[in-house]
Amino acid sequence: MIEAAATGQALHDLHSHRSSVETPRVLKFHAPEIVFGQDSLGEVAHSALRLGARRPMVVTDAGLIETGWVAQLIQSLEDQGLEPTIWSALTPNPKDVEIEAGHASYQESECDVLVAIGGGSVMDAAKGIAVLAGNGGSILDYEGVDRATRPIPPLVMVPTTSGTGADVSQFCIVTDTARSRKITILGRGLVPDITVIDPRLLTTMPEWLNAATGLDALTHGIEAFVSLGHNQLTDHHALRAVTMVTSHLARTMDVPSDIVARTSMAQASLEAGLAFTNAILGATHAMSHQVGGLLDLPHGVINGVLLPHVIRFNAEADPLPYVAIATSLGLEEARGPAEEAALAVAARVERLARQVGVPKGLGDIGVSEHDIDVLATNALRDACMSTNPRPATHHEMAELFRAAL
């Protein structure tokens, strides 16, 4: 109770400060219909039916098919009289050519609703297919904000990882294979219609994916909380996600079958997603997208490396938001100067990343000094930089990458 009261006071103080320096604005909070709880997988067929499905396309990947979850889903769809088509020809960090192939399959099978069961890559692929189904052209045509202007088919998301937030977000991340970089497609129309979150599905994640997606959720929470696009409707979701990940991620690594911890991580992922899709993100994601596009590596692992460096960079300009984060994490430094609280948050993130097996630096995963100039240039162009609380020059961005090597 004492920690909760302290967190509430820190958040109140921060809101008071922000309201005195920020221009009042009308707020919008976008979210899908949320179905949450153990054994909720059976609700997917009902959700698809309510959206008008007759021939749904189930987007997934080979790894998920092996777990048996897809077979359960297909059976429930067929039990409701639907005629599902399975498409699973995609790889991690979905590629432009894969999404366009998926769209071709969607058209050939005359599908009407998209059901994505998988992690962030699967859900981004489904969103990409939906964009093409409604708007045509090449998926790369839609890089940026609100470029897909026509309605897209209904989307039902079934996340099997605890971190990406793609099941509730307005983001779609696609790898541009010609330029070896990730593009961000952003638009309110990309927020799915329904997400069905069954914590049981998290128990079959490989250990590395559990670590990666958990750190992704942590990054979503922290970046949304300090984002220029934050508001009082997103702050509580962001802060709660940060606390839940730091409290439960390690437990899910040690005891994968612990359904209580898995349920907490599922909620953390959901709340982080609700926060960042409305507040947007920051430099960690802008940088991570470029490294992921260059080396085709797990997004959350890259976030785990970069986030402490970005926290320290942003805190040089304004450390105050990190006091509330430090307080919620129970860090003693929260009682001292704001600068010390921010550094303590960065250190706590580093400890958690090491605890779950994330490499110490970008050099350990293949980034070299030779890559930095291009990475810095592309990161500054990423849509996520628009809401980072501190602007960066090319030199500063390059130095951030260099510090993370």
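The values are calculated or read from the model by the stated rules, or taken from the named source; none is laboratory data. Just so you know, these numbers come straight off a predicted model, no measurement behind them. With ideal geometry, Cβ positions are generated from the backbone for all residues, glycine too; neighbour counts draw on all protein chains shown. Accessible surface is based on the protein model in full, side chains and every heavy atom, while ligands, DNA and RNA are left aside. Shrake-Rupley method; radii C 1.70, N 1.55, O 1.52, S 1.80 Å.
Some observations on this one:
- Across the range 290-318, the qualifying residues are those that are within 17 Å of P391 (Cβ to Cβ) and among the small types (G, A, S), and the one among them that is surrounded by the most Cβ atoms within 10 Å (Cβ to Cβ) is A315.
- From A89, A116, A71, A6, residue being among the small types (G, A, S), modelled with pLDDT of 95 or more, over 29 Å from K182 (Cβ atoms) and touching a helix residue (DSSP H, G or I) at 6+ places or on another chain (Cβ under 9 Å): A71
- Test: residue in the range 66-74 that is in contact with a His (Cβ under 9 Å, 6 or more places away or on another chain) and buried (at least 18 other Cβ atoms within 10 Å of the Cβ): no
- Those residues of the range 236-265 which are under 16 Å from the mean Cα position of the chain (by Cα) and among the charged types (D, E, K, R), in sequence order: R240
- Residue-level analysis places G189 outside the set of residues that are in contact with a Ser or Thr (Cβ under 7 Å, 6 or more places away or on another chain), closer than 25 Å to V156 by Cα, touching a residue at least 12 places away in the same chain (Cβ under 8 Å) and of a type in the set (G, A, S).
- For E98, the conditions (1) within 21 Å of Q170 (Cα to Cα); (2) buried (at least 16 other Cβ atoms within 10 Å of the Cβ); (3) out of contact with any Lys or Arg (no Cβ under 8 Å at 6 or more places or on another chain); (4) touching a residue at least 40 places away in the same chain (Cβ under 8 Å) all hold with the exception of (4).
- Answer residue from the range 187-204, given it is hydrophobic (A, V, I, L, M, F, W, C) and buried (at least 24 other Cβ atoms within 10 Å of the Cβ) and is farthest from A48 (Cα to Cα) among those: L202
- Looking across the range 161-182, the residues that are more than 13 Å from the chain's Cα centre (by Cα) and closer than 23 Å to S269 by Cβ come down to V174, T175, K182.
- Whether a residue is open to solvent by less than 20 Å² (accessible area, probe 1.4 Å), more than 18 Å from T277 (Cα to Cα), in a strand (DSSP E or B) and among the polar types (S, T, N, Q) was assessed, and T175 passes this test.
- When L281 is tested against (1) outside any helix (DSSP H, G or I); (2) without any contact (Cβ under 8 Å) to a residue 24 or more places away in the chain, just one condition goes unmet, and that condition is (2).
- The set of residues from the range 101-115 being open to solvent by less than 30 Å² (accessible area, probe 1.4 Å) and either touching a strand residue (DSSP E or B) at 6+ places or on another chain (Cβ under 7 Å) or assigned to a loop (DSSP other than H, G, I, E, B) (or both) comprises G102, S105, Y106, C111, V113, L114, V115.
- Filtered residue count, the range 245-278, keeping only those that are in contact (Cβ under 8 Å) with a residue 60 or more places away in the chain, within 30 Å of S180 (Cα to Cα) and not hydroxyl-bearing (S, T, Y): 6
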